[in-house]
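Taking it in order: structure first as structure tokens, then the write-up.
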Amino acid sequence: MPRTTTLECPGCPPLRALTFDSLGLIKVVESRGNRGIAHVVERWGSPDSTKCVLAASIDDRKQDPLLAVARKNGTVEVVNPLNGETKISISNAGVDTEVQPEDDNIVGLHLFRKHRQSSSCNLLTCTSKGDANLWCVKFANSSSDNASIGDSRTWKIGSSGHFLCSKVDGSETYAVFGGKGIEVNLWDLEKCSKIWTAKPPPKNSLGIFTPTWFTSVTFLADDDHRKFAAGTNNHQVRLYDISAQRRPVISFDFRETPIKAITEDRDGHTIYIGNGSGDIASVDIRTGKLLGCFLGKCSGSIRSMAKHPEFPVIASCGLDSYLRLWDVRTRQLLSAVFLKQHLTNVVLDCNFDGKEVVEVQNVKDVQIEDETVALPVKRKKTPKEKERSKKKAAKDSERSNKLRSKKKSRSLESQIDDDS
Amino acid sequence: MGVKKRKNETEETERSEDGDFVDGREKKKKKEVGESKKKEILPSMIKNKEKRSEIYAKLKHQKKVEKRKKIKARDAAEKQALELGEEPPAKKVPRTIENTREFDETVCMPDDEELFAANDADEFSSIIRRECAPKILITTCRFNSGRGPAFISELLSVIPNAHYYKRGTYDLKKIVEYAKNRDFTSLIVVHTNRREPDALLIIGLPDGPTAHFKLSRLVLRKDIKNHGNPTSHQPELVLNNFTTRLGLRVARLIQSLFPQDPNFRGRRVVTLHNQRDFIFFRHHRYIFETKETKQADSKGKKLKDEKVEKISQEKVLARLQECGPRFTLKLISLQHGTFDSKGGEYEWVHKPEMDTSRRRFFL
């Protein structure tokens, strides 16, 4: 066992991540420079447990980006992801007064990226009771403050069960929903009609039927709405292909705790899964083979993961209140940021360019660069120093002193044990 | 390692007592001649036991003398400094595993407003703010025998407002539901294995976390020498050394088991002391005694002054008497929500890859 841990954080490419936590805070984490170290830049909102963020969705276009956040008290906020300014806050209860927001939380939220005008946006929300809502939200500019909800369409996607996950595909015409007691089903958003439902896998050889309980779902590719992967509460990952059959094409187990987060890679066949005890792995879904696990002292349940569209980086966050950035190819931890609260969601702002900020905040970046320069030098030095010190130790009595102190501490330990 | 140490030690002694020891000089000469010969001197390399032990004893004696000298010199320096009215040399602090702990960013800072907000929002805040009184259900695993029942009866005496329910053959999830309906605030499950209690499960009830502890070194009241019997007063609670966010959460979970208004008349104190991730549980009675008679006697013979008596009267000694069980807990996992072994989400689980250093602690 090594005596000390030097947390090897090689640093990550310039990126910007937004995390959402159980106290309703939004924290912005940025890493600048080529091998920057990620750190918290901004914090928006005040801590309030009723504003716990349940779902978030970002449209990270170059001009006029938007971020939608669903909170526990039933409100959906549209926020500018660059400065945290709230553009509009819609209350779910206002639309549907019969249902109390306490037991009917929003579980899925999607901000449409296509066909978006500058003064309005479309939102899809899905509640745990099975109400899907397609909203057109108009927000006026700051001069005239008459933000309003345009036409909204509400329909029931299921009456029984408890919805837990939803996902909209790349073309934004189809959405898939799933939950506890609900098989995954695919909906056409234009017609608001269900086009496909999965069939539960057959009973096993002992005649035992495991109840359906989907916890996470994702489409495999942006341009293909037919294939999607789903994770279940009894630690199974399934691949569905609606053009093939209603039962899963591939199904495999991953560890012992429920799959809590699933995210896809751009290449269309790799998926990343995170489970309730903090294990993350990448899987080739064509064969169902495990490519490898991401090891990095991750001790709490993974709640959300996000893949950067360009860099080979994924971000994961969860109940251990760390935001972790991983290299996909080497499966190594690039950076970890402690964010103090139970994190529920993470999104990546892929239009963030570290260089743009360099001009604005010159001093900070220079410092960071200095650090990054200094780091490799240090690393080079350390082995040499060690050797030197070893040679020294052979001659000097320093070492004996060290050893003595070690023995002392050992004896102290034993004393403590005796005391107890 | 031991060999090297001894070798270095001898070198040191040689250097310090160069003039006195002829042996040391000889050794030095030998060392200069060649390193191969120096190695032969090491006691562990001598095969003859008699000779080896002889040399070893010599070395040990030298070391002892050295140490004594050092202490003497230190004391003398201190005395001299005091006589001259100077500041005595600073006392050296031994390096322990605790004070060389690895840097941990999760350690709570006292000026963190987010921390207070999180504390206010967590599951135990209603109990800790005395909005509702804790009510605890204690049950066991399915087969409870050996020291289990005795341990539970002692737990019942330690924790006020605790109720023991027989486990029967109920599922734990059903018991959780039952306890929720009866307004219990916590559930403790004592797990026994081979008739020895070996695990403790503390579940915060409406929706609080589930902590799974390993229980070890259990000593019951009757096995403690000169033990006291606790009164039924509400105990004071001492929670020591819970520094990180996880530690604070565990501490608050434990805090929520006890009523927040201790009765100081009872002079009963329950201590949970965290050291290197082990939580030590102790239960004491304390008393403040003024030991006037004894000191007055012993010093009165010598001086016979009234002043001395006055001082001794003011002197108050605290005495402890241990009562109740004594055990050690170690956190294995902290689960989000109530007990759910299959579908549960963990806030923290111990994984082997986290044990990278002896100086890394989680609580």
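How much area per residue is accessible in the range B:84-167 when the probe is 1.4 Å and only protein heavy atoms are counted (Å²)?
Per-residue value: 60 Å².
Taking R0 as 35 Å, what's the FRET efficiency between residue B:41 and residue B:86 from their Cβ-Cβ distance, rounded to 0.05?
0.20
Which positions within the range B:329-346 get 30 Å² or more of their accessible surface covered by the other protein chains, compared to the chain by itself, with a 1.4 angstrom probe?
B:336, B:342, B:343, B:345, B:346
Please list the equivalent ellipsoid semi-axes of the range A:221-363, computed as the square roots of five times the alpha-carbon gyration tensor eigenvalues, in descending order and whole angstrom.
After diagonalising the Cα gyration tensor, the semi-axes are 28, 19, 12 Å.
Just to confirm my numbers, what's the Cα centroid distance between the range B:34-113 and the range B:219-246 in Å?
The range B:34-113 and the range B:219-246 have Cα centres separated by 36 Å.
Express the accessible area of the range B:203-281 per residue in Å², computed with a 1.4 Å probe while the remaining protein chains stay in the model.
42 Å²
Points 7 angstrom from Cα along the Cβ direction at residue B:286 and residue B:120: gap in nanometres?
Here the answer is 3.1 nm between the modelled labels.
What total accessible surface area, summed over both chains, is buried at the interface between chains A and B, computed with a 1.4 Å probe and given in Å² to the nearest 100?
So the total buried area for this chain pair works out to about 4300 Å².
Roughly speaking, to the nearest percent, how much of the range B:26-178's 1.4 Å accessible area is carbon and sulfur?
55 percent
Quickly work out the residue B:70-to-residue A:244 label distance, labels modelled 7 Å from Cα along the C-beta direction, and quote it in nm with one decimal.
About 7.2 nm separates the two model spin labels.
Quick one: if the Förster radius is 35 Å, what FRET efficiency do residue A:49 and residue B:332 give, using the C-beta to C-beta distance and rounding to 0.05?
0.80
At R0 = 22 Å, how high is the FRET efficiency between residue B:133 and residue B:177 if r is their beta carbon distance? Nearest 0.05 is fine.
0.55
The values are calculated or read from the model by the stated rules, or taken from the named source; none is laboratory data. All values derive from a computational prediction rather than experimental measurement. Cβ coordinates were reconstructed from backbone atoms using ideal geometry, including for glycine residues, and neighbour counts include every protein chain displayed. Heavy atoms of the whole protein, side chains included, go into the accessibility calculation; ligands, DNA and RNA do not. Shrake-Rupley method; radii C 1.70, N 1.55, O 1.52, S 1.80 Å.
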